[in-house]
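Here's the structure, in structure tokens; my notes come after.
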Amino acid sequence: MTTLEIKNLQVSVETDDAAKEILRGVDLTIRSGETHAIMGPNGSGKSTLAYAIAGHPKYTVTGGEVLLDGENVLEMGVDERAQAGLFLAMQYPVEVPGVTVSNFLRTAKTAIDGEAPKLRTWVKDVKGAMEALKMDASFAERNVNEGFSGGEKKRHEILQLELLQPKIAILDETDSGLDVDALKIVSEGVNRVKENTGLGVMLITHYTRILRYIQPDFVHVFVNGRVAESGGSDLAERLEEEGYDRFLTAAV
Amino acid sequence: MSLLIDEKTHVDPAAQLGGDHRIPDQSRAARTRSFEVADFALPTGREEEWRFTPVDRLGNVLSDAPTDDREGDVAAGYDVQAPEGVTVGTLAPGQAPRGTVLVPEDRGAVVASANTEQALHLAITKEAELTQPVRVLVDGRGAGRRSNAHYVVEAGAFSKALVILDHTGAADHTGNLEVIVGDGAELTVVSLQRWDDEAVHLAQHEAQVGRDATYKHIVVSLGGGIVRMNSNVRYAGPGGDATLLGVYFADAGQHLEHRSFVDHNAPRCTSLVTYKGALQGDTARTVWVGDVLIRKEAEGIETYELNRNLVLTDGARADSVPNLEIETGDIAGAGHASSTGRFDDEQLFYLMSRGIDEADARRLVVRGFFADIIAKIGVPEVVDRLMAAIDAELELTALSEQHEEPASA
């Protein structure tokens, strides 16, 4: 049982002039097996929350805490956060020329586990996970994210989720840019990992569409750098009908 | 015919200077070629072909001086390892084939030529397929000591061979390499620059590629204070194929300059020039100038040249200048590309967010940058040595960064 606790998190980003405050006190607790959908309009700070938890150097934490089973995540390096069990599926995964998917996955798995995976089972695991995500075997020999379509990039993120087996995953707009078929494949992947490992999920999305495939236990509306309202999956349905207007007016 | 142009607009640094103190070459072919030292004045640094080179740091290497051998103490040790199928001899100036292919094109090459009484001659028997590489190990025995060299490699028709020229130690070294690739031969020449920091190395490697012959020239420059290599190719008939590859890694204080010239003077030949380099540390400097001339008679040829530089830290500088002259419209393809980019911190973040520590992440990115050219090299011992050297270079960065941390904290 793992718990990710975000307490009064305040984050700013350096701009040309000065530091700009983006997160203004976020409180959120995610436990193993739970799926929390974070929904909100563009610019509300959803991605900042994801990147700040993962430790991107662009963001400065100015206040609050992030604890993973009581351990202070904010004191960990980017790699240490991943080793501790956090995973960020990125909205815009980065190309790494000359590094094959297979080399990348093996290096990451070794880093997470602290030892190289057993060759025979690893090859089988990779092959199985790729098949489940309907990825061609040739994918393993391509360079990481280089020349990938939008859908391929997202599948590759979920492939890593399946193989690295984190405790808590943050999915940053994994649904954006996906057609329905790809969305189903990716969602099934997430559900599979949840079922197999008891993964806790923070699902950041702009749209309710993905919530038809990944059932959220909690829905949080994110506005102006903090959680404006929390509820069950019925809140998502309400958002589907009303949009974010109600919150935007309130925030002004 | 396909004609590819630069990925981004290249601005000639010379044009930016705006001065008319220097007359650029009319054509690359118009450059002075001569065996007379007097035909090449000492460069000032304003000449077109010297404008990137720190001529004030060249020391003694351009003087018309003999090799600084002393009683029982040579300026540079030579060890030649020639397997069966290779005849080792020497050639005096003017003794063919010496001088039939290589005519000095700059001051460094002409003083090397004039001051090498006996050139090393390596003749690979025609149709011989060597199972072992020919090795020439050059070991400089002291910084600042003049060392002149000229090697002539003659690959007989339809022979197959690998020649490895390996430079270690330190010296003020000028080394000419003259290569005659016989018809239908397959020759690979590797030049490893593994010098100590104080070494200065100027070189002209000139090759003539025979009819239907295949020539691969691989430069690996890792060591040396100043390395400046001109790697040139001409063809003796149609159907020749030339591949010029270069990998370099410059640290603080190093100037690594690579120039190539492919003279397409025969029909239906191909050339591929690929140089890739990484730079780290303040004042690390690299230069790549790639000239390709497609003459009127070079119908149906295909050529492509590419240079990529990866700048790992602040304060390093890479210059990259591709030049393509085309005198015939009847070609299969001609193109060039050049780019210099900084180490991408987003790549680092992506890899580290998957649990990979910073040193390993950097290693992955840099190895990845070199991956395609390393695949082209295809000589296992060179590839292994190169990968090990790249890893060692990166460990150096990691160490220096660790040392810097307490100061900045």
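Observations on the structure shown:
- Average projected area [Cα convex hull, the stretch B:240-347], square nanometres: 6.8 nm²
- The calculated 222 nm mean residue ellipticity attributable to helices in chain B amounts to -5500 deg cm²/dmol, summing -39500 (n - 2.57) over DSSP H runs of n ≥ 4 and dividing by all residues.
- Seen from A:Glu14, the other residues with C-beta closer than 12 Å to its C-beta sum to a net charge of -1, counting Lys and Arg as +1 and Asp and Glu as -1.
- Judged by the mean number of other Cβ atoms found within 10 Å, the most tightly packed of the peptides B:214-222, B:104-112, B:334-342, B:171-179 leads the ranking B:171-179, B:104-112, B:214-222, B:334-342.
- Among the listed pairs A:Lys58/A:Lys154; A:Lys20/A:Lys58; A:Lys46/A:Lys194; A:Lys118/A:Lys194; A:Lys46/A:Lys134, those beyond 18 Å (Cα-Cα): A:Lys58/A:Lys154; A:Lys46/A:Lys194; A:Lys118/A:Lys194; A:Lys46/A:Lys134
- By average C-beta atoms within 10 angstrom, highest first, the peptides B:147-155, B:309-317: B:147-155, B:309-317
- Taking every DSSP bridge with both residues inside chain A, close to 60 percent are antiparallel.
- Distant-in-sequence amide contacts of B:Ala318, defined by a placed amide H-H separation under 5 Å and a gap of 5 or more residues or a different chain, comprise B:Thr286.
- Two-decimal log10 I(q)/I(0) for the stretch A:3-251, as the Debye equation yields it once each C-alpha is a single scatterer, q = 0.10, 0.11, 0.12 Å⁻¹: -0.47, -0.58, -0.69
- Volume of the Cα convex hull of the stretch B:302-372, divided per residue and given in Å³: 94 Å³
- DSSP finds beta bridges in chain B, and of those with both partners inside it, around 10 percent are antiparallel.
- Counting Cβ atoms of other protein chains within 10 Å of each Cβ in A:103-110 and taking the mean gives 4.
- Global form of the stretch A:117-170, assessed from the alpha-carbon gyration tensor, a/c cut-off 1.5: oblate
- Cα centroids of the stretch B:242-296 and the stretch A:177-204: 48 Å apart.
- Sparse-neighbour loop sites [GluC sites (Glu not before Pro); the stretch B:252-316; at most 10 other C-beta within 10 Å; DSSP]: none
- For the peptides A:234-241, A:33-40, B:234-241, the ranking by packing is A:33-40, B:234-241, A:234-241, with the highest mean count of neighbouring Cβ atoms within 10 Å listed first.
- Values of log10 I(q)/I(0), in the order q = 0.11 Å⁻¹, for the protein assembly as shown under a Debye, Cα-only, solvent-free model: -1.05
- For chain B, convex hull of alpha carbons as volume per residue, Å³: 153 Å³
- The stretch B:186-303: equivalent-ellipsoid semi-axes (sqrt of 5 x gyration tensor eigenvalues, Cα, Å): 30, 13, 10
- Expressed per residue, the C-alpha convex hull volume of the stretch A:16-68 stands at 98 Å³.
- Cα gyration tensor shape for the stretch B:36-157, rounded if a/c is under 1.5, else prolate or oblate: prolate
- Beta bridges per DSSP, both residues in the protein assembly as shown: antiparallel share near 20 percent.
- Calculated from backbone phi, Karplus (6.51, -1.76, 1.60) coupling profile of the stretch A:230-241 in Hz, x at Gly/Pro: 10, x, x, 5, 5, 5, 4, 5, 5, 5, 4, 7
- Taken along its three principal axes, the alpha carbon spread of the stretch B:81-130 comes to 36, 18, 17 Å, from the longest extent down to the shortest.
- Whether the stretch B:22-67 is rounded, prolate or oblate, judged on the alpha carbon gyration tensor where a/c under 1.5 counts as rounded: oblate
Read-outs: derived from the displayed coordinates by stated rules, not from any lab. Since the structure is predicted, the reported quantities are computational estimates derived from the model, not experimental observations. Using ideal geometry, Cβ is built from the backbone for each residue, glycine included, and neighbour counts are taken over all protein chains shown.
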